[in-house]
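Here is the structure we will look at.
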Amino acid sequence: MLDSQEVLRLAPPKTKGKSIATLPRIEFRVSYRKHRMMTFSTRNKNGVFSARLRSAFCLLQSAHHTGFAALVAALLLGLPAQASEFPKSACDAPGACICTKSPAIPGMQQASAQSKNGTAMQGMSHRGMSMSAPATFIEQILTHESAGTTADPAAMPHDMLMSHRGAWQLMFHGSAFINSIQQSGPRGGDKVFSTNWLMPMAQRSLGPGTFTARAMLSLEPATITDRRYPELFQVGETAYGNPIVDGQHPHNLFMELAALYDIKLGENALLSIYAAPVGDPAIGPEAFPHRVSASEDPLAPLGHHLQDSTHIADDVITLGLTYKIARIEVSGFHGREPGENRWTISTGAIDSWSTRLTLNPAPNWSGQYSITRLNGPESLFPTEDTLRMTSSITYNRPLNPHNSESAEHWGNWATTIIWGRNKDLPGGEIFNSYLAESTIRFAHRNFAWTRVENVDRTNELLLGNNPIPSGFEEHFLARIQAYTLGYDREFNFVPHISTALGGQFTLYGKPASLDSLYGDHPAGVVLFLRLRAIPSQK
């Protein structure tokens, strides 16, 4: 994005007196036919394109689950139809860029393709190199590419669709996985489900600052049946009044509805205000669905409820002050976790607080330390508060092994290390979690990743899916390890949609005392189809 002085505008080149032709409107159709075959189709005036994915990948196992998967795929595939009405970026054609200057939103550095009527559409993606990395920490904050008010390294890539409508700059992120999971052992489960999120955003200059409106939505209440998907050793929240054990809850339809306002205080300072009836207070690292280091992993970390589970909180207000490479934030919010009705927005008194210190000392680095006191976060233990501390470091490095302009899109390497700790109040028992995850994109379309975790678990594991007995008290039970390796490969069948097929394997470590519940060597395998909005075909 661009500073207050100028913006680069990319005009399409002329060919025999004519500009590059705009893309025709494309209609996307998702259909499920006999023999459990899934078809993605696009139609335009130049013909019909379709790609079929058979159930050999174990992604579609029944008509019941297929309906939910189709809901996600249809929505994500339909969104680029609007984007296709905009002109193709001249920078997608090598050597065909003509640059001009025009005013733009303060603090934003962005190159965009501009059509004759002044409506622009261009992807904000370091992968496509259509957007230069922010030069300062303040410029990085003003892009608001990350969830809530979290900060990433300036070099971190974010795939995004973007257009201009008058004074407004419109942006869209989106990602969806259609998963088939199989787990071993007495408690292992299997299921077909979808994890997904969509993030539209609008931004403009307003008065002395920059105004941003943003939403984060998820269809998981529909695409994850029975209010959970299987994940060994995972705990947190409830399903049908009972604690969720060996499973992960879905996200809410409304993950975030937020307004942000940023005012520059001289050259090196920025005052930020964030208000959201549902949103992400200043606690922890960026939530796992949005971390680039976890971008290809469809499952939640086991340490989620000790690290970043507050990314969906009610009635959030955050004030932030940035000076050069440092940022301090303070939030007030309602501390109770979301209820089981994932379709609604809850409300409550502001009864919890948090503060976070973030440092971005270099373009490839970002670190944070945060502390929060949560008032009665668990509905099963409403009188117990939680004092949570987290610390994390994120490193990102674009990969260009040939050191040439033509290799700029070759790859990227993103890594995050997180520590999270919960202390029960009253009682004072402490539980820790440790996570290291890394995702590398190489040779343009290949992704490989790993996640290693070491987390404390309580005697809640012993309950299974049974109700909590009268007088039950949580205490430390065991420390669990999880080791994940994964790979996927992009096959971009549809304009503005990155499509990948892949899978991952997780092996768990545990004490011998849990062998009767989980077996000797519990493990899990996930095969998936991944869809993500991207600025252009790669």
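Please work out which one of (1) at pLDDT 95 or above; (2) crowded, with 22+ Cβ neighbours inside 10 Å; (3) in a strand (DSSP E or B) is the condition Pro277 fails and give its number.
So Pro277 meets the others, but not (2).
Condition (residue is in contact with a helix residue (DSSP H, G or I) (Cβ under 9 Å, 6 or more places away or on another chain), assigned to a strand (DSSP E or B) and either among the basic types (Lys, Arg) or surrounded by fewer than 21 Cβ atoms within 10 Å (Cβ to Cβ) (or both)) applied to region 402-412: is it met by at least one residue?
no
Condition first: within 18 Å of the chain's Cα centre (by Cα), among the basic types (Lys, Arg) and surrounded by 21 or more Cβ atoms within 10 Å (Cβ to Cβ). Can you find one or more residues in region 228-242 that meet it?
No, every residue in region 228-242 fails to be within 18 Å of the chain's Cα centre (by Cα), among the basic types (Lys, Arg) and surrounded by 21 or more Cβ atoms within 10 Å (Cβ to Cβ).
Take Leu319 and tell me if it is in contact with a strand residue (DSSP E or B) (Cβ under 9 Å, 6 or more places away or on another chain) and buried (at least 22 other Cβ atoms within 10 Å of the Cβ).
The answer is no for Leu319.
For region 280-291, indicate whether the set of residues that are more than 26 Å from Pro363 (Cβ to Cβ) and over 19 Å from the mean Cα position of the chain (by Cα) is non-empty.
no
Quick one: is Ala523 in contact with a Ser or Thr (Cβ under 7 Å, 6 or more places away or on another chain) and among the aliphatic types (A, V, I, L, M)?
Criteria met by Ala523.
Any residue in region 265-290 that's within 17 Å of Glu145 (Cα to Cα) and of a type outside the set (Val, Ile, Thr): show its pairings with residues that are loosely packed, with under 15 Cβ neighbours inside 10 Å and at pLDDT 95 or above at Cβ separation under 7 Å, as long as the two are six or more apart or on different chains.
Taking only residues 6 or more apart or on different chains, the pairs are Ala275/Ala259.
Does region 425-445 hold any residues that are crowded, with 19+ Cβ neighbours inside 10 Å, farther than 30 Å from Gly502 by Cβ and out of contact with any Lys or Arg (no Cβ under 9 Å at 6 or more places or on another chain), and which are they? Reasoning before the result, please.
If we filter region 425-445 for residues that are crowded, with 19+ Cβ neighbours inside 10 Å, which is where we start, we get 431, 433-435, 437, 439, 441.
Next, from what is left, pick out any that are farther than 30 Å from Gly502 by Cβ: 431.
The answer is none; no residue qualifies.
If Ile417 satisfies every condition in (1) touching a helix residue (DSSP H, G or I) at 6+ places or on another chain (Cβ under 6 Å); (2) more than 28 Å from Pro382 (Cα to Cα) but one, which is the exception?
The one condition Ile417 does not meet is (1).
Just for strands (runs of 3 or more DSSP E) wholly inside region 195-271: which have at least 1 residues that are in contact with a helix residue (DSSP H, G or I) (Cβ under 7 Å, 6 or more places away or on another chain) and among the β-branched types (Val, Ile, Thr)?
209-217, 229-239, 242-248
With respect to Ser293, determine if the residue is crowded, with 22+ Cβ neighbours inside 10 Å and either more than 20 Å from Met389 (Cα to Cα) or among the aliphatic types (A, V, I, L, M) (or both).
It is true that Ser293 is crowded, with 22+ Cβ neighbours inside 10 Å and either more than 20 Å from Met389 (Cα to Cα) or among the aliphatic types (A, V, I, L, M) (or both).
Looking at (1) over 24 Å from Ile317 (Cβ atoms); (2) not in a loop (DSSP other than H, G, I, E, B), find the lone condition where Arg187 falls short.
Looking at each condition in turn, Arg187 falls short on (2).
The values are calculated or read from the model by the stated rules, or taken from the named source; none is laboratory data. Keep in mind that what you see is a predicted model, and the values were worked out from it rather than measured. A quick note on method: Cβ atoms are made from the backbone with ideal geometry, for glycine too, and the neighbour counts reach across all protein chains shown.
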